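Participant: My structure is below; once you've seen it, I'll send some questions.
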Amino acid sequence: MSEQVEKIVDLVYKKIAAKLKSLGYIEIEASGRHVHLSRQVVDELFGKAYVLTHIKPLSQPGQFVCAERVTLIGPKGQLSNVVVLGPEREQSQIEVSKTDAKILGVDAPIKESGKIQGTPAIKISANGNTVHLNQGLLIAQRHIRDL
């Protein structure tokens, strides 16, 4: 192992040990399929000036689970009851698994969250309204958030 890699491993180990000492556990989260919606898409799906309903906070500061659910519609299938995460984003983004992408019939790339350039189109439906997004569907690249 290179000296630089050893330094990184040591730093990670120290952060984990400190977290265990202070809390007694390390929080691990897995994120299932979910959507982040722009203001424009919230308006189109739920109504002008609609405010997303905050249910519970996520471990990422400022982010939260919403009461609202949507249906994702692809060329070959759909996924219902998909959770909306808040707050609103500048651009809508849909994060699914590889299996979800197959169900939808879309070849979704594995990308870093927020990097939607070059991602496939998808339709989102809620409350009898449907919005076609020209891009935004991705499989989130695995990542570890700072301890």
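Participant: What FRET efficiency do you get for GLN117 and LYS21 if R0 is 35 Å and r is their Cβ-Cβ distance, rounded to the nearest 0.05? List each step's numbers first, then the result.
Facilitator: Numbers: r = 42 Å, r/R0 = 1.19.
Efficiency at R0 = 35 Å is approximately 0.25.
Participant: I would also like to ask the following. With a 10 Å radius around each residue's Cβ, average the other Cβ atoms per peptide and rank 64-74, 11-21, 120-130, highest first.
Facilitator: On the way: 64-74: 18.3, 11-21: 11.2, 120-130: 16.5.
Highest to lowest by the protection proxy: 64-74, 120-130, 11-21.
Participant: Also, I was wondering about something else. Taking 0.36 nm per intervening residue step and subtracting the Cα-Cα distance, what contour gain separates ILE55 from SER125 on full extension? Mind showing how you got there, number by number?
Facilitator: Numbers: separation 70, 0.36 × 70 = 25.20 nm, distance 2.06 nm.
Stretched fully, the ILE55-SER125 segment lengthens by 23.1 nm.
Participant: Which number gives the lysine pairs in the chain that have C-alpha atoms under 16 Å apart and are eight or more places apart or on different chains? Please list the in-between numbers first.
Facilitator: Working: LYS7/LYS15; LYS76/LYS98; LYS76/LYS102; LYS76/LYS123; LYS98/LYS111; LYS102/LYS123.
Lysine pairs satisfying the spacing and distance rule in the chain number 6.
Participant: Around LEU137, which amide H atoms from residues at least 5 apart in sequence, or from another chain, sit under 5 Å from its own amide H, with H modelled in the peptide plane?
Facilitator: Long-range HN contacts for LEU137: ILE94.
Participant: On to the next question. Return the distance in nm (one decimal) between the two label points of a simple spin-label model at SER2 and GLN63, each offset 7 Å from Cα along Cα→Cβ.
Facilitator: Going from the SER2 label point to the GLN63 one covers 2.9 nm.
Participant: So what are the ³J(HN,Hα) numbers for the stretch 37-53, from phi and the Karplus equation (6.51, -1.76, 1.60; θ = phi - 60°), rounded to whole Hz, Gly and Pro as x?
Facilitator: My calculation for the stretch 37-53 gives 10, 7, 4, 4, 6, 4, 4, 5, 7, 10, x, 4, 6, 4, 10, 4, 8 Hz in order.
Participant: Additional query: Roughly how big is the chain's charge dipole about its Cα centre, with Cβ charges of +1 (Lys, Arg) and -1 (Asp, Glu), in debye to the nearest 20?
Facilitator: Details: 19 positive and 15 negative charges, 39 e Å.
For the chain, the charge dipole is close to 180 debye.
Participant: Please give the per residue volume of the convex hull enclosing the alpha carbon atoms of the chain, rounded to a whole number of Å³. List each step's numbers first, then the result.
Facilitator: Details: hull volume 20.3 nm³, N = 147.
Here the figure is 138 Å³ per residue.
Participant: With charges only on Cβ, +1 for K and R and -1 for D and E, what is the dipole size of the stretch 29-71 about its Cα centre, in debye, rounded to 20?
Facilitator: For this selection, approximately 40 debye.
Where a number appears in this text, it was derived from the coordinates with a stated rule and is not lab data. Everything quoted here is computed from the prediction, not taken from an experiment. Heads up, the Cβs are rebuilt from the backbone with ideal geometry, glycines too, and the neighbour counts pull from every protein chain shown.
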